[in-house]
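Everything on this sheet refers to the single structure shown next.
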Amino acid sequence: ATVKWRTENAQKLADCRRNGFAENHDMFNRFQVTGPCGSLGGMEPLLVIRIGLCNAKALMNTLTHDQVVEYLTVSKELRFMDCDRLTRETRKLIKMVTICDATSYSLLDGDSRFYKALGQASKLSQDLYPQLLGKTVVINAPTFIRLMWGTLSTFMPKSAIEKIAVCPATGTTLPACPDATACPFLRKWCTIDDPLSTIPDFVGGKVPCPAVLKPRAECNKTIKVVVSARSSSEVTIDVPAAGFTAVWEVVVQDYGIGMSAHLHPNMAEGQAAKDIVVAMELTKIKAENGLATGRFPLPAAGKLVVKFDNTHSMLRSKTFEYKIDVEKKCGTEA
């Protein structure tokens, strides 16, 4: 089965090795905060998943089940390459350690569709990469974390569940928290003089947090907004000259919100008022459609007013993230 799968996916695996990421990487990482960071004393590579900063629901609304399963599976090729190289260099079997940072995680952050995709990818990995995963360590775990085992065991293979350990450490992202040398697991397995030098700083080490593991709003430069029921919110953006384009993206947490845009052209002294330009008609952005993107032209300098309308909702507030860039067209002078 492994030979057949690798033969059928030879091009995707080759592209993954060449590019350093699997297909749909950019879209996947818009909603998931995960990536390699550090090691246990230069040996076992660490793969970090910051589940409290992920948006599994938006991911599954944007990508299909098969796309998520494929990304999770093919991406393991990179981790396998790291472990294989270290195994050959050291003549010891090196396995990956996954750190699951549950800081800020809540029960509402989960999504059964993602658990299903994760479970299928884990089952595939049992055959395709049987010696890759050494341990999964959950850190900064909330008190309800063990309630999730019943849900996870429905989707995950038994072998993967048995490799999960919950670290009692909490608050590792806080300045006053003890460093990772207090961890008995680290003291046992890390033999270098300064074990903190290869551990991520947000779990008590010294390795700076890479961009891929920072909150999505920082990486994607999105703005998170909550609009109360029966109300709306507006954002005003300067348009420096004619010929620019507004490029936008919005992801709604639940249900939907209306979005429209109007351009108010600048008016010179003594000049008659110019008509307001409807740049974008009122459009319903729905959570079930995942990431919504678009663009529209800006024919004049002025103020672009984008309105997010929740006046239709009598009871529910709406939470969403947005980004709007005003870009200059190629060959157009400001």
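Overview of results
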quantity	calculated
First in segment 79-92 and within 17 Å of P36 (Cβ to Cβ), second anywhere and of a type in the set (D, E, K, R), Cβ under 7 Å, 6 or more apart	M81/R17; C83/K95
Residue in segment 52-74 that is part of a helix (DSSP H, G or I), polar (S, T, N, Q) and under 28 Å from T198 (Cα atoms) present	yes
Residue list for segment 280-296, restricted to those being closer than 18 Å to S313 by Cβ and of a type outside the set (A, V, I, L, M)	T283, K284, K286, E288, N289
Odd one out for R216, checked against (1) of a type outside the set (A, V, I, L, M, F, W, C); (2) within 29 Å of the chain's Cα centre (by Cα); (3) open to solvent by less than 80 Å² (accessible area, probe 1.4 Å); (4) modelled with pLDDT of 90 or more	(4)
Residue match in segment 33-41 (condition: out of contact with any Ser or Thr (no Cβ under 8 Å at 6 or more places or on another chain), buried (at least 16 other Cβ atoms within 10 Å of the Cβ), over 20 Å from L213 (Cβ atoms) and of a type in the set (S, T, N, Q))	no
Pairs with Cβ under 8 Å, 6+ apart, first in segment 218-239 and on the phi > 0 side of the Ramachandran plot, second aliphatic (A, V, I, L, M) and open to solvent by 60 Å² or more (accessible area, probe 1.4 Å)	R230/M314
Residues of segment 287-332 satisfying the condition of being within 24 Å of F31 (Cβ to Cβ), in a strand (DSSP E or B) and of a type outside the set (K, R)	A292, T293, G294, V306, F308, T319, F320, E321, Y322, I324, D325, E327
Test: residue in segment 56-67 that is hydroxyl-bearing (S, T, Y), farther than 24 Å from I94 by Cα, in contact (Cβ under 8 Å) with a residue 40 or more places away in the chain and open to solvent by 20 Å² or more (accessible area, probe 1.4 Å)	yes
Test for K92: is it farther than 27 Å from P142 by Cα and either at pLDDT 95 or above or touching a strand residue (DSSP E or B) at 6+ places or on another chain (Cβ under 7 Å) (or both)	no
Strands (runs of 3 or more DSSP E) fully within segment 78-166 counting 1 or more residues that are under 24 Å from L13 (Cβ atoms) and open to solvent by less than 80 Å² (accessible area, probe 1.4 Å)	96-101, 133-139
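Let's see how each residue does on (1) under 13 Å from the mean Cα position of the chain (by Cα); (2) modelled with pLDDT of 95 or more; (3) basic (K, R):
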{"position": "N29", "(1), (2), (3)": "yes, no, no"}
{"position": "L40", "(1), (2), (3)": "no, no, no"}
{"position": "A56", "(1), (2), (3)": "yes, no, no"}
{"position": "H65", "(1), (2), (3)": "no, yes, no"}
{"position": "E70", "(1), (2), (3)": "no, yes, no"}
{"position": "T73", "(1), (2), (3)": "no, yes, no"}
{"position": "F80", "(1), (2), (3)": "no, yes, no"}
{"position": "D84", "(1), (2), (3)": "no, yes, no"}
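The values are calculated or read from the model by the stated rules, or taken from the named source; none is laboratory data. Computed from a predicted structure; not experimentally measured. No Cβ is skipped: glycine too gets one built from the backbone with ideal geometry, and neighbour counts run over all protein chains shown. What goes into the accessible areas is simple: the full protein's heavy atoms, side chains included, and nothing from ligands, DNA or RNA. Shrake-Rupley method; radii C 1.70, N 1.55, O 1.52, S 1.80 Å.
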